[in-house]
Amino acid sequence: MSVKDAILTTQPTSYWPLDDSGGASCHDEMGLNDAALPAQGVALAVIPFGTSQAPYFDGALGSVLTIDDDPQYSQPYANALTVAAWLCPLTLNNTQTTGSKDQFVHYVEKAVGASTDTEWALRLYNQINPDRHSRLSFYAFNLGSPTGEGNGAYMEYGVSANDATPVEVGKWLFVVVQAEPWISPTDQTTGCIFWKQSVQAVRTDADKYATYGVHPQHASGSITVGGMQTSGFKGAIAHLAIWDRLLSADEIASIWTAGNTDLSNTAMYHSYPSA
């Protein structure tokens, strides 16, 4: 089974294979919202993923795909959300970053604007940071401006007990993030879940909604892929999908296995773009 078949079997809300070879957008297999290309900075069909080709993001500001808002892309729609993507970093230290101390990019984010009504974000930290080195994380936020502190889950090689995979240039990583049902302002049982290579991060107090007083809400912001208004990701992203429910561990494992089968037909290192 291909990774595309594995994802479609789970009946996602939207699924962007990001294998388009041309045009002004990347198609949504479910027909809800295509992802619009910018005028420059994103090149389609450049980075191999199995027998297909994923887009290359050059890391500049504005080099992002944009997906129009839909309530089904927000946690409150069904009181649950799952987002999955494969990413291939082509640098460990992005130049267009944000952060007061440790620098990072949001390679997938749903927000109205820069630090305005951010609902959720998938984050990658730079390797040369003081504290958080190539950490992959997922955050949920309260609406507002500026964006406040959110609850989040993460995995960092050498720090997280069950993270056996370093972030390396030119190697694909499979990330799944989940926003569990919100129960009440004081409930300490639910929040954000993070998976890397089909391994779930160890749960902590910091991933719980109540720890930071987060109550997920829908806003009108679009989804940006490859960065946000204040940061840019240099690399490739493939097989982005969203579900308005929590995927099971078996479903995540199925997509991971299928993706690895596809990648067995791909040399892991290539002469990637340097610009």
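The values are calculated or read from the model by the stated rules, or taken from the named source; none is laboratory data. Computed from a prediction, not measured in an experiment: that's the story for all the values here. Using ideal geometry, Cβ is built from the backbone for each residue, glycine included, and neighbour counts are taken over all protein chains shown. Please note that ligands, DNA and RNA were not included when accessible areas were found on the heavy atoms of the full protein model with its side chains. Shrake-Rupley method; radii C 1.70, N 1.55, O 1.52, S 1.80 Å.
Just a few scattered comments:
- Pairing each residue of the stretch 148-162 that is under 17 Å from GLN178 (Cα atoms) and among the polar types (S, T, N, Q) with any residue that is at pLDDT below 95 and not in a loop (DSSP other than H, G, I, E, B), provided the two are 6+ apart or on different chains, yields no C-beta distance under 6 Å.
- Which listed residue is touching a His at 6+ places or on another chain (Cβ under 9 Å), within 25 Å of VAL105 (Cβ to Cβ) and β-branched (Val, Ile, Thr), from THR204, THR224, THR211: THR224
- Filter result (part of a strand (DSSP E or B) and either free of Cβ contacts under 8 Å to residues at least 12 places away in the same chain or under 15 Å from the mean Cα position of the chain (by Cα) (or both)) within the stretch 56-74: PHE57, LEU65, THR66, ILE67
- The criterion of at least 1 residues that are farther than 30 Å from GLN53 by Cα and open to solvent by 70 Å² or more (accessible area, probe 1.4 Å) is met by none of the strands (runs of 3 or more DSSP E) falling completely within the stretch 128-195.
- The lone exception for ASN33 - which of (1) in contact (Cβ under 8 Å) with a residue 40 or more places away in the chain; (2) crowded, with 19+ Cβ neighbours inside 10 Å it fails: (1)
- Residue list for the stretch 27-47, filter: of a type outside the set (A, V, I, L, M) and closer than 18 Å to ASP5 by Cα: HIS27, ASP28, GLU29, GLY31
- The stretch 75-97 residues that are in contact (Cβ under 8 Å) with a residue 40 or more places away in the chain, paired with ones that are β-branched (Val, Ile, Thr) and part of a helix (DSSP H, G or I) (beta carbon under 7 Å, 6 or more apart): ALA84/ILE255
- Scanning the stretch 225-275 for residues that are open to solvent by less than 10 Å² (accessible area, probe 1.4 Å) and modelled with pLDDT under 95 yields a count of 0.
- Condition check for LYS234: among the charged types (D, E, K, R), over 17 Å from TRP182 (Cβ atoms) and out of contact with any helix residue (DSSP H, G or I) (no Cβ under 9 Å at 6 or more places or on another chain): yes
- Every condition in (1) in contact with a helix residue (DSSP H, G or I) (Cβ under 7 Å, 6 or more places away or on another chain); (2) closer than 30 Å to TRP182 by Cα holds for PHE49 except the one numbered (2).
- Residue list for the stretch 237-261, filter: assigned to a helix (DSSP H, G or I) and among the small types (Gly, Ala, Ser): ALA249, ALA253, SER254, ALA258, GLY259
- Residues of the stretch 207-224 that are open to solvent by 40 Å² or more (accessible area, probe 1.4 Å) and part of a helix (DSSP H, G or I): THR211, TYR212.
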